[in-house]
Every structure is written in C-alpha cells, then in structure tokens.
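Throughout, read-outs are computed from the coordinates displayed, never taken from laboratory work. These numbers were taken from a predicted model, which means no experiment stands behind them. Cβ coordinates were reconstructed from backbone atoms using ideal geometry, including for glycine residues, and neighbour counts include every protein chain displayed.
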C-alpha cells in the first residue's frame, strides 16, 4: 500500500511538470512597449499555461539572446497569443493577503478575463489536502495538491475586490447597486457566483447606459 501511495505521488509530481515554450509577446510599461520572446511555462501533459508561475515574474529573451526576468512590479502588463487566445496579465495591487505573502503593498500579475468598465481577473493558487493517518491500518495517506482560482473585480481605477462564496449575494448587490437590472437579478438569486462572467459582461454592455442605471 505504501509503495502504491508513493507511485501516486510520483505520478502527480510528473503531471505538474512544465516546459518553457518560446512565444512572441509584448511587455507594456507606463511609457513604452517592448516586443519580446517570452519563455512561457506550459504543462507537459495538459499543454495548459501555468498561470500561477506567471503571477510573480516572467522571463523573456532579449536581442542578445540573454534571458531577462520581468517582475510583476516592474511592468504594467504582459500579453501574448497562445492557442488562438490573447492572454493578458495586468499588474495590480491586491487588497487581500494571498497565500499569506502578498498584501496591498505588492503588485502581482492577474489574468484578465473580461475587460471594460468593470474588469474581471483571476488569481491562481495551489492548495493541498492534509496528510491523513489511519491508526487501524497504521498507514499514512499523502495529501493531494490541486489548483484553485480566485476571482477579483475592478471598477474603473478603484481597488480590487475579491468575489467570495459565502457573502456573494450581499457583496455583489452592493457592488452592482448602480445597475437596477443586475441588482434585481442578484437579489432574486437569478444570478449566482457561477454567473459572474455573465454579470460582468451584462454590466459592461448595458449598465453603462443611463437608462439602465439604478436611481437613488
């Protein structure tokens, strides 16, 4: 049994391995844009981008073929095309402590999911289930690592807010109180946390028009 558990751990470790794929992209600074060749961490098996690694820094190859590291507090944005999708990661202060490391004094790259008056961002984090001990069999079961993502909203240049499950309805009714349609749909539980992309798209498309704004 212990040998089987060990093999599972090894398989999971291999499954999370990444390789650096060279992809053309841009680094955007306040007053300049740099065309570069990024070294993007791609999962060997799933071929998906490891966004968690890109949240802190990204590597690119300069004209002298040297590898340069750009940290999340050194640029405004990074963008590139992968599998026909434009990936944009914007440098933002967060007002949440993430992984007990980051605070509102530290900028990180957040993946932009929806652009507009209200922006929707995703933050990626690896969590692990606890190690379990079975006293009857005297066996230890290793914890399993898995990735979760957290969503953030930003209205214009205001501070980011994190979307929370337990207080979603209350928080979002207040946040979208300037749009009567969205406010009502959240209040009536027609819109829930899983509908956040629909909510943001609707707001950006219709709620900025005066006839849809909630009157005070």
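With label points built 7 Å along Cα→Cβ from the Cα atoms of residue 115 and residue 180, find their separation and express it in nm.
The answer from the label model is 3.2 nm.
What nm value, rounded to one decimal, do you get for the distance between residue 20 and residue 82 when each label is placed 7 Å out toward the C-beta?
1.5
Round to the nearest 0.05 the FRET efficiency obtained for residue 158 and residue 190 when R0 = 25 Å and r is the Cβ-Cβ distance. Before the final figure, lay out the partial values.
Values: r = 26 Å, r/R0 = 1.02.
Given R0 = 25 Å and the Cβ-Cβ separation, E is 0.45.
7 Å from Cα along Cα→Cβ at both residue 205 and residue 30: what's the point-to-point distance in nm?
The answer from the label model is 3.7 nm.
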